[in-house]
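Taking it in order: structure first as structure tokens, then the write-up.
The values are calculated or read from the model by the stated rules, or taken from the named source; none is laboratory data. As the structure is a computational prediction, the values presented were derived from the model and not from experiment. FYI the Cβ positions are ideal-geometry reconstructions off the backbone, even for glycines, and counts take in every protein chain you see. Accessible surface areas use protein heavy atoms only, side chains included; no ligands, DNA or RNA. Shrake-Rupley method; radii C 1.70, N 1.55, O 1.52, S 1.80 Å.
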Amino acid sequence: MTTNAGPFAGTSRLTARRREVELDALAAAPSVDLLVIGGGVTGAGVALDAAARGLRVALVEARDLAFGTSRWSSKLVHGGLRYLASGRIGVARESAVERGVLMTRTAPHLVRSLPQLVPLLPGLLRPGQASLVRAGFLAGDALRLSAGTPGALLPRMRRIDAARARQLVPAVRAEGLAGALVAHDGQLVDDARLVVALARTAAQYGATVLTRVRAEEVTGTSARLVDGLTGQSLVLTAGAVVNATGVWAGEVDPSIRLRPSRGTHLLVDAAALGHPVAALTVPVPGSTSRFVFALPQQLGRVAIGLTDEDAPGPIPDEPRPTEAELDFLLDTVNAALTTALTRADVRGAYAGLRPLIDTGGGSTADISRQHAVLESPSGVITVVGGKLTTYRRMAEDAVDTAVRLRGLPARACWTARLPLVGAPGHRDSRPAPAGGVPASLVARHGGAAREVLAAGGAEPIAEGIDVTRAEIVYAVTHEGALDTSDVLHRRTRIGLVAQDADRARAGVEEIVAQCRTR
Ligand SMILES: Cc1cc2nc3c(=O)[nH]c(=O)nc-3n(C[C@H](O)[C@H](O)[C@H](O)COP(=O)(O)OP(=O)(O)OC[C@H]3O[C@@H](n4cnc5c(N)ncnc54)[C@H](O)[C@@H]3O)c2cc1C
């Protein structure tokens, strides 16, 4: 199973100790088949693909797993409907196929089926728009069928009456409501958890996964790796180097030209919308293809998003939403609600940058979400664009390219059949014990829930926050969290609401200090 014969052979545990030992091992023998730069969904996917093919792989991430765009998504595992609307049938089908892979084989524990409801309200839909939405949903069903995803998993579109619509989304405007159109798509419990599961599975197959390590002076066959904790560096040589740094790709390889686009979400309490169990989909006035979504989330919140704004200039570590974006989101969603949300309802807000390939003029909303694998004159192989849903296919294409260009000794790709840590069928997965395990813990950890619980107690880390102390322990002892920030902002998503982070911080700090040496 593994190319790593060291003390961590065959284990998916990522710890500070493992990081130290594996960095020392790289310093002693600084050569691998494939160096992957970037620990977002794309880089973690590439590392898993390559390690599972038997290659010697090192993945370096300058900050933390899922530090970049991969934690700021809408967490939808798309069937590609949006791309169908603009005639990009290939991209749409690829999305539908990859959605099926995630939901049936690789990560069904992290992806659930989410009903998406378009209310039939006077003034909300333009004349003829309901027919367009219906036609789109029917096309989505056809895509799902062609991808072989069962209807039991993603039920076909249907029209429901007003009473049922208000059961699914209690806050939807009742006056004039003539029912709703409902379609289903996939939703991740948490995008960062997918990245962590990928990185851990890659480590289990022998990849060396190093956070707080930045790649500098990158060429097609080498890079200087700088340890962010000690300042020490080493030069690693590699059969091939894959640049999977998303919006930072042009910093690693100046031949890459991107046009980042900012997408913003805000968070409100689920109670403010009557605890919806479906996503509310509201058309953006003046557009036939853009919608604002109110998406139920874990930890008792609803995320309302999203925007698509040109974001030129230097790439910030953490992009911030603008006031105008928040107003736009509230105004758009309020058109479909009985009681308007106000700024006082906003508990948090976040923004991410889409790594779109620069194709010249036009709006960023019109730029293709198709991914690209590019070899630069320096020999660096960059994989960029795309989306979370299609990370596996992006990884396969990137590794295929590296293997072809550099003659690497790799087997064929088989990640479409490879369950991630926590998925049913993964060798360490166990059914969750009956009773006593919070459902939210099972939703986040799947078949690893029993192991997580054994790491610590089931009591919450702070009153009213639906994250157990056990998950904080596990983040440090198994998931590579190196400090409190990793735990609050990426292993859990407590940090999305600053007040929650403040309440949980002392408890998390205490556990991190206790566990760091384990
Ligand atoms: C607002 C928004 C909503 C979205 N919603 C969805 C959705 O619902 N569904 C979907 O499928 N897709 C969605 N996407 C798209 C998806 O989130 C991205 O395509 C994907 O996360 C990009 O991942 P990545 O790994 O390529 O980049 P990133 O996640 O940004 O990872 C790049 C990593 O590289 C690291 N790095 C940078 N430079 C270096 C260096 N020199 N050395 C080492 N490491 C380095 C960074 O720290 C970072 O962690 C959305 C995107 C946005 C912006």
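Structure notes:
- Carbon and sulfur %, accessible surface of the chain computed with the full protein complex present, 1.4 Å: 54 percent
- Sorted peptide list for 457-464, 399-406, 50-57, criterion being average Cβ within 10 angstrom, highest first: 50-57, 399-406, 457-464
- Other residues within the sphere of radius under 14 Å centred on the Cβ of Leu154, judged by their own Cβ, net out at +2 (K and R +1, D and E -1).
- MRE, 222 nm, helices only [DSSP H, n ≥ 4, -39500 (n - 2.57), over the chain, to nearest 500]: -9000 deg cm²/dmol
- Fully extending the segment from Thr342 to Thr11 would add 114.3 nm, taking 0.36 nm per residue of separation and subtracting the current Cα-Cα distance.
- Most to least packed among 224-230, 235-241, 506-512, 313-319 [average Cβ atoms within 10 Å]: 235-241, 506-512, 224-230, 313-319
- Shape class for region 140-199, computed from the alpha carbon gyration tensor (a ≥ b ≥ c): oblate, with a/c not under 1.5 and a/b at or below b/c.
- A Förster distance of 35 Å, applied to the separation of the beta-carbon atoms of Arg516 and Val235, puts the FRET efficiency at 0.75.
- Sequence of Arg491, Arg516, Arg164 when ordered by accessible area, the most exposed leading, probe 1.4 angstrom: Arg516, Arg164, Arg491
- Here the contact order of region 118-240, divided by its residue count and restricted to Cα pairs under 8 Å and six or more residues apart, works out to 19 percent.
- For the chain, averaging the sequence separation of C-alpha pairs within contact (under 8 Å, six or more residues apart) and dividing by the residue count gives a relative contact order of 21 percent.
- Value of relative contact order over region 409-518, rounded to a whole percent, pairs C-alpha under 8 Å and six or more apart: 17 percent
- Judged by the gyration tensor of its Cα atoms, with axes a ≥ b ≥ c, the chain is prolate; a/c meets the 1.5 cut and a/b is the larger of a/b and b/c.
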